[in-house]
Amino acid sequence: MTSDTPRNLRYSAVDGEKYRSLTQDDLSPFHNAYFKDVFLYAACYGFRNGLREEKIEKPEPNIPLSAFSDEELWILKAIAITETGSLQVLSNEKEVYRVVEEYANGAIESIYLEVFGGKPGEPYKRMAQDVREEFQKLQLPKR
């Protein structure tokens, strides 16, 4: 970590209860997961759906970067690289994490509503299908 690297990733204080519900409610696909798992999913979901919230209301630095595996950190970095269109963003880790915080914060409400919003069916199955469809779009053609 460089000196400009934050120690923790932030989410809005007003979303703290959403993170708790998503990780503690038996009906949630994130039940017994960590906040960092919800954050990672939210950052990816937000990026995929263009849900970027640049102003984070009452930001709380609550998710330690040390909680993420190297692979998870590279997923977050890939979002920032794609968003900026340049590998240069890697030289400014503060900017990398600002971008992913904005996507995660922009998506958390949608994810919360997907799980607890009263849609018919199981949220886990709907969300898993969404991930499968996205993965199929990215698969390389067979040789």
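In table form, for the structure just shown:
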quantity	calculated
In segment 57-78, the residues that are in contact with a Lys or Arg (Cβ under 6 Å, 6 or more places away or on another chain) and within 16 Å of Glu95 (Cα to Cα)	Pro59, Pro61
Unique residue being touching a residue at least 12 places away in the same chain (Cβ under 8 Å), surrounded by fewer than 14 Cβ atoms within 10 Å (Cβ to Cβ) and not hydroxyl-bearing (Ser, Thr, Tyr) when the list is Lys94, Lys18	Lys94
Pair list, Cβ under 8 Å, 6 or more apart: segment 38-61 residue surrounded by fewer than 14 Cβ atoms within 10 Å (Cβ to Cβ), other residue among the polar types (S, T, N, Q) and outside any loop (DSSP other than H, G, I, E, B)	Asn49/Ser110; Glu57/Ser12; Lys58/Ser12; Pro61/Asn8
Residue that is modelled with the lowest pLDDT [pool: residues in segment 11-38 that are closer than 20 Å to Ala128 by Cα and among the acidic types (Asp, Glu)]	Asp26
Matching option when the condition is surrounded by 14 or more Cβ atoms within 10 Å (Cβ to Cβ), over 17 Å from Val99 (Cβ atoms) and without any contact (Cβ under 8 Å) to a residue 12 or more places away in the chain, among Ala33, Ala67	Ala33
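The values are calculated or read from the model by the stated rules, or taken from the named source; none is laboratory data. Only a predicted model underlies this, so the values are computations on that prediction, with no experimental measurement involved. Note that we place each Cβ from the backbone using ideal geometry, even for glycine, and neighbour counts take in every protein chain shown.
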